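To start, the structure under review is shown below, and the notes come after it.
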Amino acid sequence: MPTVTLDKKTVLKLLGKKVSDEILKDRIPMLGTDLESISDTEIVVEIFPNRPDMLSEEGFARALSSFMDIKPGFVKYEIKKENSKVTVKNLPKTWPYAVCVIVRGLKLDDNKLRSIIQLQEKLGVTLLRKRKKGGIGLYPMDKITLPINFTSRPKEKIQFRPLEGKTIMKVNDILVNHPTGREYAHIISGWKNYPIFVDSSDVIMSMPPIINSHDVGKVTKDTKDVFVEATGTDLNILKIALNIMITTLADMGGTIYSLEMDYGTEKFRFPDFTPRKIKLDKNYIERLLGIELNDSKIKELLGNMGIGYKKGNALVPVYRADILHQIDIVEDIAVAYGYENFDEEIPKVATIASESKGTILERKIAEVMTGFGMLECKNYHITSDETLTTKMNVEKQQLIKPENPANIEYNTLRNNILPGLMKILSENTHNEYPQKLFETGDVIHFDKTSTTQTKENAHMSCVIADVNSDFSTIKAILESTLKSLDVKFSLKKAKHSSYIDGRIAEIKINGKNAGYVGEINPQVLNNWNLEIPVLAYEIDLSNL
Amino acid sequence: MNLQPHEAKLLKHLEDGVEKSVGQLVDELKMDQAAIVRASLTLNKEGFATTSEISGLIAIISAEGKNAIKYGLPETHLVNELKSGNKTIKNIKLKTIGIALGVAKSKGYVVIDKCILEATKKGLASLNTKENELILLEKINNDEKLEKSDLDILKSRKLADYTFKIVRKIKATKKGIDFAKNTTIKEEVSKLTPDLIKSGKWKDVILRKYNVEAPVATVHQGKRHFVSQATEYVRKIWLEMGFKEMTGPMIQTSFWNFDSLFVPQDHPAREMQDTFFLDLTGKLDNKFVKSIKKAHEEGIEYSSGWQYKWSRELAKKPVLRTHTTALSAQTLAQLKSDDLPAKYFAIGRCFRNEALDWKHLFEFNQVEGIVIDKDANFRHLLGYMKEFFGKLGFEKARFRPAYFPYTEMSMEVEVYHPKRKGWIELGGAGMFRPEVVKPLLGEDIPVLAWGPGFDRIIMDYYKIKDIRDLYKNDISQLRGMKQWMIG
């Protein structure tokens, strides 16, 4: 989730009321933003992905101001008409959409410029999914001439000086040698034609979603009027992203001028700030929240979330990205009502409790094993191939490995429990002997018949590291365990390379192999740097 | 009169009225000398015994002396050798020739001339008489007292030695004998043996008293892992409130882990760096694919959905579950309207692909719960959460708005830590979105859901600072850990 650093002075000025740190600390989290810290100059907050409209000082203050009842209600923005159109044609199917707008009369300073860039960047990361869904660009109007075209060309026919680049570069050069080019090259990799914005004099303004032109696509604090665009794969998301950007610019003092978007067959004017109407069902809201509300209370609560209300309909501003269903309005009502103001209640609903069979079995086993004086251990399910294979002196086996593990030494899902217990013994040679350990848990195997291609079986294993014990000790414990659990079994002479030949038996339950019992092979003891004999057994519990 | 076991034992031994030395008693009673002396002092004091001390020179015959008694003195052997004629020294086969020659010469039994030995008349005559040394040795053997001058003779010949010694002898008095006869003397034993118990002999003995305050060696009991103990308690909380336990695999298809919970396929949580995907292609449960796909692409009734093209392939990818909420989705999918209202819980290991350090672990425990009830509301959710954390010892809980793709309302639960005097965040809860409930259950009814982690609570309870210590399995740590005592 994105963390943004907001200029405190700007936020307080936009809030429109003097507010103490204490009140901010109390109110900001209750609006649904994680307050990280607050200092004399900065407010650091984590904005949840449902509220990208709060990623700038302006958007944040707008939401907080209505929530704190300073300036409640639906915020209206004036839109003027620009008599120009943006032609959108010949675009790759992978990047077909654009929406564009002009904002005039900005009075920028370093702070505002930083805020705009932060918003552009954070929207790119969150709502636009690291630019995979789209990108946003801003251009000083004094560097370009209307009308603007959004089109595409083969890469050989594109060259311009990228933002902060020193010279005019070809596309391949940008994608390999420019830091931003390198970062986003994967998005357009394999495309025949690359999307570009060109102005009426055929000057290349940018190559979305990679980078703007340094010459005509760099906004500075002297810029008064900007051309703003969003391009990408999802028109709906692009509209929201651009609405968030331009309402922020309007809050900075700019005036929005709409443009006609000409897709050839389809034309529309952007932006359109007509709020989305969502019909509210008062009973539904009351039932879900467990509180009683009337019309005026609903209107008041919605106003505290910046949402309008008219004749049973919520009027949702165009910069809100998270409203999919009436339930999202219900949540806004709950937030405005204040989670702290709901009375908690446990309803008297009679239901019968029950435990799973696995839980019961695990507990019974633990009762038996702790009765033998054994210590229960708990291991990770993710271990290493080395632990399961080489250290245990077994042949290379087919194991399930998660992709790209962050910890190289934890790279494989366990198929047995015993190796983990051996690892514990090897890490505890400084502790007092005898050491008697057991573990119950799930192990993972391939299974073509399962929907995940894997199956998980409950296993148990126990080890005894003791100079005075031998095969008969572990066999006695195994037999006693299985008898306690009322399991019929038999032991058959067997071979297994983890154990000493002639001191290992196969455990058969219902005529099937269910595990092994024996003395651990000295080679395995050497592999684990153990100097004490170890006796062990492992049972598959899934067929009990 | 109450005698201590040692004293009684000694008196009983002296019951026959015979006087005995301490040395004898040591042999006969198998007690150490100091114990006998201590006991005798008490018996004296009580008038049960008298103690006499004899002091004097006590002779001890040496090994050579014992030989002489048995085989005769060396000088006698030498004279014997010369009885039949003179011999050169070389021809005399006598081990003790050195001593024999010296003594015989000084006694005037032999003369020596140019290495030829000859017995004198006096010597030959000595064969028919008993040497004085032998007489003295026999006297010692017969416990006769010798004069110091006689003892010195023997000592100079290394046939015997002597020392000055006090011999303590103990004898029971009449009072003592009478007391002994009328008293059963109990023997003291340290170990209560099966034989003592079975035969009833335990009544005739005294079991030695121990120093019960002395330190003893530590005993290691078998016990459950502390995480299991905590898990058992968390389970108990939900069982007491009437919840049924859900279980299910740790490996889930992305479909159940994400799609069924309305997590869009491009959601950051589904990215490789956060989640353990498996390089396998799973299969989809066709019964739900259509409705879930529709919920994502165009929504359900009154919902716009996420408005994107849903991919079957992405949904097939198996993943190590990132939350137990996958189990809740599967439970919803199996419920019928007759089953309602219903309450379920699960406790399970979940996974996130995270680099290991003192505060990050790639496996964590989650406690999941759902309440499916047409009359359930948001206040009930708060009620269940408050009750749950209250039972874990946190009396104050607060709730603040949060965001999860599958719940609305969504919230983070924080509890007040009385010792740290601060709020700690323990996890998420909410009400499942209609886009989750409708496709799985067939109707849109309220579902309360929560999935806080409880590793932090375990760490807090056991004062563990490094999260890796939860599964470090240090045997001395496990042996020494206190039991989970809440509940």
From the options B:Ser106, B:Ser84, residue that is of a type outside the set (A, V, I, L, M, F, W, C) and within 26 Å of B:Ile153 (Cβ to Cβ): B:Ser106
The conditions are (1) in contact with a Lys or Arg (Cβ under 8 Å, 6 or more places away or on another chain); (2) hydrophobic (A, V, I, L, M, F, W, C); (3) part of a loop (DSSP other than H, G, I, E, B); (4) touching a residue at least 24 places away in the same chain (Cβ under 8 Å), and A:Met392 fails exactly one of them. Which is it? (1)
Looking at region A:432-482, which of its residues are buried (at least 22 other Cβ atoms within 10 Å of the Cβ), assigned to a loop (DSSP other than H, G, I, E, B) and more than 8 Å from chain B (Cβ to nearest Cβ)? none
In region B:68-114, what count of residues is obtained for those that are closer than 27 Å to B:Asn141 by Cα, in a loop (DSSP other than H, G, I, E, B) and either of a type in the set (Lys, Arg) or in contact with a Phe, Trp or Tyr (Cβ under 9 Å, 6 or more places away or on another chain) (or both)? 1
Subset of region B:133-150 (residues that are surrounded by 19 or more Cβ atoms within 10 Å (Cβ to Cβ) and out of contact with any helix residue (DSSP H, G or I) (no Cβ under 7 Å at 6 or more places or on another chain)): B:Ile140
Over region B:81-100, the set of residues surrounded by fewer than 20 Cβ atoms within 10 Å (Cβ to Cβ) and either closer than 26 Å to B:Asp150 by Cα or among the aromatic types (Phe, Trp, Tyr) (or both) is B:Thr96, B:Ile97, B:Gly98, B:Ile99
Contact list please: Cβ distance under 8 Å, first residue in region B:234-245 and under 14 Å from B:Met385 (Cβ atoms) and at the interface with chain A (Cβ under 7 Å from one of its Cβ atoms), second residue buried (at least 20 other Cβ atoms within 10 Å of the Cβ) and among the hydrophobic types (A, V, I, L, M, F, W, C), pairs at least six apart or on different chains. B:Phe243/B:Phe345
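Please count how many residues of region A:405-431 are within 12 Å of chain B (Cβ to nearest Cβ), touching a residue at least 60 places away in the same chain (Cβ under 8 Å), out of contact with any Lys or Arg (no Cβ under 9 Å at 6 or more places or on another chain) and within 26 Å of A:Ala514 (Cβ to Cβ).
2
Residues to consider are A:Lys122, A:Lys85, A:Lys112; find the one that is within 23 Å of A:Ser258 (Cα to Cα), among the basic types (Lys, Arg), in contact (Cβ under 8 Å) with a residue 24 or more places away in the chain and in a helix (DSSP H, G or I). Full working, then the answer.
Values: A:Lys122 fails: within 23 Å of A:Ser258 (Cα to Cα); A:Lys85 fails: in a helix (DSSP H, G or I).
Residue meeting the stated conditions: A:Lys112.
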Exclusive hit being under 22 Å from A:Pro522 (Cα atoms) and in contact (Cβ under 8 Å) with a residue 12 or more places away in the chain, set A:Lys436, A:Lys378: A:Lys436
For region B:338-353, state whether one or more residues are at the interface with chain A (Cβ under 9 Å from one of its Cβ atoms), out of contact with any helix residue (DSSP H, G or I) (no Cβ under 9 Å at 6 or more places or on another chain) and assigned to a strand (DSSP E or B). yes
Of all residues in region B:365-380, which are within 11 Å of chain A (Cβ to nearest Cβ) and assigned to a strand (DSSP E or B)? B:Asn365, B:Val371, B:Ile372
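Given the options B:Pro215, B:Pro264, name the one that is surrounded by fewer than 19 Cβ atoms within 10 Å (Cβ to Cβ), more than 30 Å from A:Pro434 (Cα to Cα), more than 7 Å from chain A (Cβ to nearest Cβ) and not hydroxyl-bearing (Ser, Thr, Tyr).
Details: B:Pro215 fails: more than 30 Å from A:Pro434 (Cα to Cα).
Within the list B:Pro215, B:Pro264, the selection yields B:Pro264.
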Of residues in region B:278-324 being without any contact (Cβ under 8 Å) to a residue 24 or more places away in the chain, over 51 Å from the mean Cα position of the chain (by Cα) and within 7 Å of another protein chain (Cβ to nearest Cβ), the one nearest to A:Leu280 (Cα to Cα): B:Ser304
Please work out which residue is surrounded by the most Cβ atoms within 10 Å (Cβ to Cβ), limiting yourself to region A:13-70 and to residues that are assigned to a loop (DSSP other than H, G, I, E, B) and among the β-branched types (Val, Ile, Thr). A:Val19
Residue count, region A:143-162, condition part of a loop (DSSP other than H, G, I, E, B) and either under 23 Å from A:Phe60 (Cβ atoms) or basic (Lys, Arg) (or both), comes to 1
Within region B:391-426, residues under 51 Å from the mean Cα position of the chain (by Cα), surrounded by fewer than 21 Cβ atoms within 10 Å (Cβ to Cβ) and closer than 30 Å to A:Gln326 by Cβ come out as B:Ala397, B:Arg398, B:Glu414, B:Glu425
Could you check region A:71-82 and list, in sequence order, the residues that are assigned to a loop (DSSP other than H, G, I, E, B) and more than 16 Å from A:Leu302 (Cβ to Cβ)? A:Tyr77, A:Glu78
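So, A:Ile352, is that one surrounded by fewer than 22 Cβ atoms within 10 Å (Cβ to Cβ), over 21 Å from B:Val413 (Cβ atoms) and among the β-branched types (Val, Ile, Thr) or not? Even if it seems obvious, please write down each step before you answer.
Working: surrounded by fewer than 22 Cβ atoms within 10 Å (Cβ to Cβ): yes; over 21 Å from B:Val413 (Cβ atoms): yes; among the β-branched types (Val, Ile, Thr): yes.
So A:Ile352 fits the description; yes.
If you go through region A:360-371 one residue at a time, how many are at the interface with chain B (Cβ under 7 Å from one of its Cβ atoms) and surrounded by 16 or more Cβ atoms within 10 Å (Cβ to Cβ)?
The first filter runs over region A:360-371 and keeps only residues at the interface with chain B (Cβ under 7 Å from one of its Cβ atoms), leaving A:366, A:369-371.
After this cut, where a residue has to be surrounded by 16 or more Cβ atoms within 10 Å (Cβ to Cβ) as well, the list is A:366, A:369-370.
So the answer is 3.
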Which condition from (1) of a type outside the set (A, V, I, L, M, F, W, C); (2) surrounded by 19 or more Cβ atoms within 10 Å (Cβ to Cβ); (3) in contact with a Phe, Trp or Tyr (Cβ under 9 Å, 6 or more places away or on another chain); (4) farther than 25 Å from A:Pro275 by Cβ is the one that A:Thr87 breaks? (2)
Residue ranges of helices (runs of 4 or more DSSP H) in region A:269-359 with at least 1 members facing chain B (nearest Cβ under 7 Å), in contact with a Leu (Cβ under 7 Å, 6 or more places away or on another chain) and more than 30 Å from B:Gly348 (Cα to Cα): A:326-337
Any hit, region A:390-404, residues being out of contact with any helix residue (DSSP H, G or I) (no Cβ under 9 Å at 6 or more places or on another chain), within 11 Å of another protein chain (Cβ to nearest Cβ) and crowded, with 17+ Cβ neighbours inside 10 Å: yes
Condition (residue is of a type in the set (D, E, K, R), surrounded by fewer than 24 Cβ atoms within 10 Å (Cβ to Cβ) and away from every other protein chain (no Cβ under 13 Å)) applied to region B:439-446: is it met by at least one residue? yes
The residue from A:Met245, A:Met261 that alone is crowded, with 21+ Cβ neighbours inside 10 Å and more than 30 Å from the chain's Cα centre (by Cα) is A:Met261
Would you confirm whether any residue within region A:133-142 is at pLDDT below 95 and part of a loop (DSSP other than H, G, I, E, B)? yes
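The values are calculated or read from the model by the stated rules, or taken from the named source; none is laboratory data. Note that the structure is a prediction, hence the values are computed from the model and not measured. Here Cβ is always computed from backbone atoms with ideal geometry, including for glycine, and neighbour counts include all displayed protein chains.
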